[in-house]
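Participant: Dropping a structure here in structure tokens format, bear with me for questions.
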Amino acid sequence: MLLSKQLCSFSIFRTGIRLPIRPFRMASSFLPPSIHEIAVEVSSILKVRSETVCVAETAAGGLISAAILSTPGASKVYKGGLTLYTLESRIAFAGWTEETRAAYKGPTEDVVKGLAENVRRTLGATYCVCESGTAGPTGGNTRNRTPGYVALAVAAERGTSTKEVETGLGGDREGNMVAFAVEGLKLLRDVIKGDAKL
């Protein structure tokens with residue numbers, strides 16, 4: 001439905017400036033299709049099972065949370081999320097200590113396991129999905145500091161599943177961020193369905 005010409009502009013009376021307001025159409029999804037499809041699948045499974053999820057993500061920068069929240073009825077399954085990009089944020093919100101920070105050597109399965117378990121407990125969700133990776137374009141000299149590497153975890157009351165993935169996308173930062181989110185959601189789906197070991 002298009003807005004009328006009257007509604008397509010508005011005046012700021014003090015200055016007399018007229019600013020156009022452009023009508024817009026809702027996109028089917030603002031997310032890449034690969035994220036949207038797995039998020040819809042995960043959300044549907046959670047709703048059927050009356051279970052909830054929370055998110056602790058780092059290099060994906062909020063894409064996992066955004067994907068879940070983009071699905072209809074998200075308020076029934078989503079308990080909250082944190083983007084723990086800096087080590088300081090992990091101390092403030094995810095149970096890290098100065099000792100944890102001092103011992104940090106980059107993303108690992110142990111790191112994401114600890115983050116996922118802490119955030120799940122704090123937010124009281126059935127599951128917590130966590131990712132931490134090296135999106136690029138630069139990195140380091142170890143496997144876990146190579147662009148495209150991501151460590152994943154899904155914590156549940158009965159245990160935690162972890163996984164490492166290398167996307168093969170090199171220093172493509174945005175591509176890696178999307179791939180990290182997709183892989184995190186896939187692991188979440190597999191844990192919910194019982195296809196991944198806890």
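Participant: How many residues are in contact with a Gly (Cβ under 8 Å, 6 or more places away or on another chain) and either aliphatic (A, V, I, L, M) or over 26 Å from I91 (Cα atoms) (or both) if we restrict to the range 40-67?
Facilitator: 7
Participant: Can you pull out the residues in the range 155-170 that are open to solvent by 50 Å² or more (accessible area, probe 1.4 Å) and over 27 Å from N141 (Cα atoms)?
Facilitator: E157, R158 - these are the residues of the range 155-170 that are open to solvent by 50 Å² or more (accessible area, probe 1.4 Å) and over 27 Å from N141 (Cα atoms).
Participant: Going by the conditions given, is R173 within 17 Å of E57 (Cβ to Cβ), of a type outside the set (S, T, N, Q), touching a Pro at 6+ places or on another chain (Cβ under 9 Å) and open to solvent by 50 Å² or more (accessible area, probe 1.4 Å)?
Facilitator: Criteria met by R173.
Participant: Then there is this: Say we look at the range 29-43 and pick out the residues that are among the polar types (S, T, N, Q) and either open to solvent by less than 40 Å² (accessible area, probe 1.4 Å) or free of Cβ contacts under 8 Å to residues at least 24 places away in the same chain (or both); which of these is nearest to L187 (Cα to Cα)?
Facilitator: S43
Participant: State the number of residues belonging to the range 119-128 that are part of a helix (DSSP H, G or I) and closer than 16 Å to L187 by Cα.
Facilitator: 1
Participant: Would you check if A181 is in a strand (DSSP E or B) and at negative phi?
Facilitator: So A181 does not fit the description; no.
Participant: Quick one: which residue in K186, K163, K197 is assigned to a loop (DSSP other than H, G, I, E, B) and of a type in the set (K, R)?
Facilitator: K197
Participant: Which condition number does Y127 fail, the rest of (1) open to solvent by 10 Å² or more (accessible area, probe 1.4 Å); (2) among the aromatic types (F, W, Y); (3) within 19 Å of I68 (Cα to Cα) being met?
Facilitator: Y127 satisfies all of (1) open to solvent by 10 Å² or more (accessible area, probe 1.4 Å); (2) among the aromatic types (F, W, Y); (3) within 19 Å of I68 (Cα to Cα) except (1).
Participant: Separate question: Within the range 61-118, can you find the residues that are hydroxyl-bearing (S, T, Y), more than 22 Å from G159 (Cβ to Cβ) and either assigned to a loop (DSSP other than H, G, I, E, B) or open to solvent by 60 Å² or more (accessible area, probe 1.4 Å) (or both)?
Facilitator: Passing the criteria: S70, T71, S75, T83, Y85, T86, T97, Y104.
Participant: Let me ask you something else. Can you pull out the residues in the range 75-122 that are of a type in the set (A, V, I, L, M) and under 28 Å from I45 (Cα atoms)?
Facilitator: Matches in the range 75-122: V77, L82, L84, A94, V111, V112, L115, A116, V119.
Participant: Now for a different question. Please tell me if S28 is assigned to a helix (DSSP H, G or I), polar (S, T, N, Q) and at pLDDT 55 or above.
Facilitator: So S28 does not fit the description; no.
Participant: Test E131 against the stated conditions and say whether it is acidic (D, E) and in a helix (DSSP H, G or I).
Facilitator: No: the conditions fail for E131.
Participant: Tell me which residues, restricted to the range 176-198, are at pLDDT 95 or above and open to solvent by 70 Å² or more (accessible area, probe 1.4 Å).
Facilitator: If the condition is that a residue be at pLDDT 95 or above and open to solvent by 70 Å² or more (accessible area, probe 1.4 Å), then K186, K193, D195 are the ones that fit.
Participant: Find all pairs meeting these conditions: Cβ atoms under 7 angstrom apart; at least six residues apart or on different chains; first residue within the range 143-169 and closer than 16 Å to L84 by Cβ; second residue open to solvent by 70 Å² or more (accessible area, probe 1.4 Å) and part of a strand (DSSP E or B).
Facilitator: Sorted first by the residue in the range 143-169, then by its partner, the pairs are A151/E164; L152/K163.
The values are calculated or read from the model by the stated rules, or taken from the named source; none is laboratory data. If you're wondering where the values come from, they're calculated on a predicted model, not measured in any experiment. Every residue, glycine among them, receives a Cβ derived from its backbone with ideal geometry; neighbour counts consider all protein chains shown. Accessible surface areas use protein heavy atoms only, side chains included; no ligands, DNA or RNA. Shrake-Rupley method; radii C 1.70, N 1.55, O 1.52, S 1.80 Å.
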